[in-house]
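Have a look at the structure below before the remarks.
The values are calculated or read from the model by the stated rules, or taken from the named source; none is laboratory data. These figures come from a predicted structure and were not determined experimentally. Don't worry about glycine lacking a Cβ; one is built from the backbone with ideal geometry, like all the others, and counts go over all protein chains shown. Heads up: the accessible areas ignore ligands, DNA and RNA and are worked out on the full protein's heavy atoms, side chains in. Shrake-Rupley method; radii C 1.70, N 1.55, O 1.52, S 1.80 Å.
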Amino acid sequence: MAESPIASSKVKAMARQHVNHGDIVKFAQDKVNLPKDKADEYRAQARRLRERLEGYLRDHPDFTLKKMLLAGSLAKGTALRTLNDIDVACYISGADAPGDVPKLLDYLAERLRKAFPNFSPDQVKPNTYSVTVSFKGTGLDVDVVPILYNGDPDWYGKLVSQDDGSLLATCIPRHLAFIRKRKQAHETDFAQIARLIKFWASKMKREQDGFRFKSFMIELLLAHLADAGLDFSDYPEALQHFFTYLARSNIRELIAFNDYYARASIGAFTEPVKLIDPVNAKNNVSKLYTDAQAAAIVDAALDAGDAIDAALAAPTKQETVRYWQKVFGSAFQV
Ligand SMILES: Nc1ncnc2c1ncn2[C@@H]1O[C@H](COP(=O)(O)OP(=O)(O)OP(=O)(O)O)[C@@H](O)[C@H]1O
Ligand SMILES: [Mg+2]
């Protein structure tokens, strides 16, 4: 039997007495978001590194490390409380920069030690796809990710993928501008929904072996919904919309953007998931995702959507909270 719209909005209004938009906001502030003082501290840490490199470059203009740039969630304002390193991209130019990733990382580490002589050599360590700079005392480690750079004025370059070490032609400053534009269109709400969904994805990763859902993919999906006019201002509804979209599209819809290329000009992609880099029409950000991994995301989204439906219809506060905990885990309390 179909519910009348009036009855269903009444049910919603009742459910909102138990857990409403404001409760989700409070949960996000208390449990999900990286607190602002921490974010400021970590950004300052990255800025000091960048400025020290700039100082070194003033005295050594031929040095091949050209720029360090805060990248990743701290730069985008989508970091979670559980953040465990600071992503910094480092632009490397010159004919003698190795194209082979392990050698490139040794080369980057050696140059960083030269530019930062106050660090002891063991504070600058190459690992699989990046170089970790660790700080004594407080602060987080800085993960320096190499970008092979040929002097492009817009700072396009070949980023070493943190997923498989391949080289991705892309543009970090434009990624940041792309996200900033959506954040401006949905003041606080775009970034907040992104962090809430990343929090859900991290719970899924803990609970389900092999589950993956890259943060940048979540942000691109949300940007797609934002551009299509989704209202982000009611969080239960915006979350429900995101999960419903994943289920309805089966995460098989090709998603691309008009910001830096004509969306209509993009070529064919054969991978199951096709979320195209907004700054490079040839780069599928989700190319490593298999059918099984895509299906796991869709299943999890269906479960989350059902739980939110149930939460919105539950008669008691206790039941409502229990359904929201299916989405966000036991950290969810009101
Ligand atoms: N496949 C890719 N193609 C192009 N750029 C990418 C790709 N993967 C990551 N990046 C770049 O690296 C940045 C960080 O990646 P990602 O979104 O996965 O992590 P994050 O935003 O730091 O989130 P968190 O670390 O909290 O999970 C992205 O914002 C994007 O600029
Ligand atoms: Mg990161």
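List the residues of region 61-89 whose backbone N lies under 20 Å from a point placed 7 Å from the Cα of Glu110 along the Cα-to-Cβ direction. Hits in region 61-89 for Glu110 at 20 Å: 61-67.
Averaged over its residues, the chain has an accessible area of 47 Å² per residue, based on protein heavy atoms and a 1.4 Å probe. Net charge within 13 Å of Lys205 by Cβ-Cβ distance, Lys/Arg positive one each and Asp/Glu negative one each, not counting Lys205 itself? It works out to a net charge of +3. In this simple spin-label model, placing a label point 7 Å from the Cα along the Cα-to-Cβ direction at both Gln333 and Gln318 gives a separation of 1.7 nm. For region 266-326, dividing the convex hull volume of the Cα atoms by the residue count gives 106 Å³ per residue. Can you give me the distance in nm between label points at Glu187 and Val25, each placed 7 Å from the Cα along the Cα-to-Cβ direction? If labels sit at Glu187 and Val25, their model points lie 1.3 nm apart. To the nearest 10 degrees, how steep is helix 36-59 against the longest Cα principal axis of the chain, on a 0 to 90 scale? Tilt of helix 36-59: around 20 degrees. Between helix 317-328 and the chain there is an angle of about 30 degrees, using the helix long axis and the longest principal axis of the Cα atoms. Between the beta carbons of Leu83 and Ala268, assuming R0 = 51 Å, the FRET efficiency works out to 0.85 to the nearest 0.05. Classify region 78-123 as rounded, prolate or oblate, taking a ≥ b ≥ c as the square roots of the eigenvalues of its Cα gyration tensor: rounded when a/c is under 1.5, otherwise prolate if a/b is larger than b/c and oblate if not. Oblate.
At a Förster distance of 56 Å, what's the computed FRET efficiency of Asp96 paired with Asp227, Cβ-Cβ distance as r, to 0.05? E(calc), rounded to 0.05, equals 0.85.
Can you give the FRET efficiency to the nearest 0.05 for Glu253 and Glu54, using r as the Cβ-Cβ distance and R₀ = 30 Å?
Working from the Cβ atoms, E equals 0.10.
If you take all other residues with their beta carbon under 14 Å from the beta carbon of Phe190, and give Lys and Arg +1 and Asp and Glu -1, the sum is +1. Surface composition of the chain: carbon plus sulfur atoms hold 51% of the accessible area, using a 1.4 angstrom probe and ignoring ligands, DNA and RNA.
Descending by average beta-carbon neighbour count within 10 Å, the peptides 65-78, 119-132 line up as 65-78, 119-132, the highest first.
Which of rounded, prolate or oblate describes region 67-186 when judged by the alpha-carbon gyration tensor and an a/c cut-off of 1.5?
It comes out oblate by the Cα gyration axes.
Qualifying GluC sites (Glu not before Pro) in region 204-264, where qualification requires a DSSP coil assignment and no more than 14 other C-beta atoms within 10 Å, comprise Glu253. With respect to the chain, whose longest principal axis is taken over its alpha-carbon atoms, helix 235-249 is tilted by about 80°. According to the square roots a ≥ b ≥ c of the eigenvalues of the Cα gyration tensor, what is the shape class of region 191-297, taking rounded for a/c under 1.5, prolate for a/b larger than b/c otherwise, and oblate for the remainder? It is oblate, given that a/c is not under 1.5 and a/b is not larger than b/c. Rounded to the nearest whole angstrom, the semi-axes of the ellipsoid equivalent to the chain, taken from the Cα gyration tensor as √(5λ), stand at 40, 23, 17, largest first.
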